[in-house]
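As structure tokens, the structure follows; a few thoughts come after it.
The values are calculated or read from the model by the stated rules, or taken from the named source; none is laboratory data. Model, not experiment: these values are computed from the prediction. Counting neighbours? That spans all protein chains shown, and the Cβs are built from the backbone with ideal geometry, glycine included. Each accessible area value is taken on the protein alone, full model and side chains, heavy atoms only, with ligands, DNA and RNA left out. Shrake-Rupley method; radii C 1.70, N 1.55, O 1.52, S 1.80 Å.
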Amino acid sequence: MVINEKWDKILEEEFKKTYFLELVSFIKKEYKSKIIYPKASDMFNAFKLTSYDEVKVVIIGQDPYHGEGEAHGLSFSVKEGIKLPPSLVNIFKELESDLEIKRTKGDLTDWAKQGVLLLNTVLTVEKDKPNSHKGKGWEIFTDYVIKKINEKEMPIVFVLWGNNAKKKKELITNPKHLVLESSHPSPFSYIYGFKGSKPFSKINKFLEENGKKPINW
């Protein structure tokens, strides 16, 4: 498995474990027989774009978008030119309310390049079948990633939107880190805690207080 030098070193032993080898076997068969998103070359984009040493913020999503051409390996992000999914529309509404930044570009690669790890807990999905790769081993892998980031001495912001993400809070034990929780930005839960939560200004305030450059959202 080749992601980049630092992540490969950190994940080297994990790649050898039985569960991961079984996951790889399952994923290969899925790609051969079905339409799977994102495309295989984009599967580890979050890690390719945000190296371990550069992580400042972790935004945890569930599984990739399952519509055609949407997912490209970053949680909540869609490829350039794709219609914004409802959750991303609401994220951008909150961004405008919070920091008066009006963003229309759904590709969040620029966030990733600034140290925002856009991590889905499951990294693949079958077309039009949300959660179809849930429970296949990805959660063990991404939990390990969260634990390794938790070990960092540098203060990190973990952003947990929705109940699935909030379950990861137990993995974040280092008191140096900041955990921001709210309801999910989906239309079903937007008004029940996400709206008005001001995550973007809180993230930047914490980064600045800890001597780090804020994110240009």
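Observations
- Just one of (1) without any contact (Cβ under 8 Å) to a residue 40 or more places away in the chain; (2) farther than 30 Å from SER41 by Cα fails for LYS212. It is (1).
- Residue match in segment 93-101 (condition: surrounded by fewer than 20 Cβ atoms within 10 Å (Cβ to Cβ), part of a loop (DSSP other than H, G, I, E, B) and touching a His at 6+ places or on another chain (Cβ under 6 Å)): no
- Segment 61-76 residues that are within 12 Å of ILE35 (Cβ to Cβ), paired with ones that are of a type in the set (Ser, Thr, Tyr) and surrounded by fewer than 19 Cβ atoms within 10 Å (Cβ to Cβ) (beta carbon under 9 Å, 6 or more apart): HIS66/SER132
- Test: residue in segment 42-50 that is within 19 Å of the chain's Cα centre (by Cα), open to solvent by 40 Å² or more (accessible area, probe 1.4 Å) and over 22 Å from ASN150 (Cβ atoms): no
- Failed item in (1) surrounded by 15 or more Cβ atoms within 10 Å (Cβ to Cβ); (2) without any contact (Cβ under 8 Å) to a residue 24 or more places away in the chain; (3) of a type in the set (Gly, Ala, Ser); (4) on the phi > 0 side of the Ramachandran plot, with SER183 passing the rest: (4)
- Exactly one residue out of PHE20, PHE76 is assigned to a helix (DSSP H, G or I), touching a Gly at 6+ places or on another chain (Cβ under 7 Å) and either of a type outside the set (Gly, Ala, Ser) or open to solvent by 20 Å² or more (accessible area, probe 1.4 Å) (or both): that is PHE20.
- Lone qualifier among ILE59, ILE35, ILE91 - being touching an Asp or Glu at 6+ places or on another chain (Cβ under 9 Å), closer than 28 Å to LYS127 by Cβ and β-branched (Val, Ile, Thr): ILE35
- The lone criterion from (1) of a type outside the set (Asp, Glu); (2) under 16 Å from SER186 (Cβ atoms); (3) open to solvent by 30 Å² or more (accessible area, probe 1.4 Å) left unmet by GLY61 is number (3).
- Taken together, the residues in segment 124-160 that are open to solvent by less than 50 Å² (accessible area, probe 1.4 Å), over 30 Å from SER201 (Cβ atoms) and free of Cβ contacts under 8 Å to residues at least 60 places away in the same chain amount to 1.
- Leading residue by the ranking (most open to solvent (accessible area, probe 1.4 Å)) among those in segment 186-205 that are touching a residue at least 40 places away in the same chain (Cβ under 8 Å) and farther than 19 Å from GLU100 by Cα: PRO187
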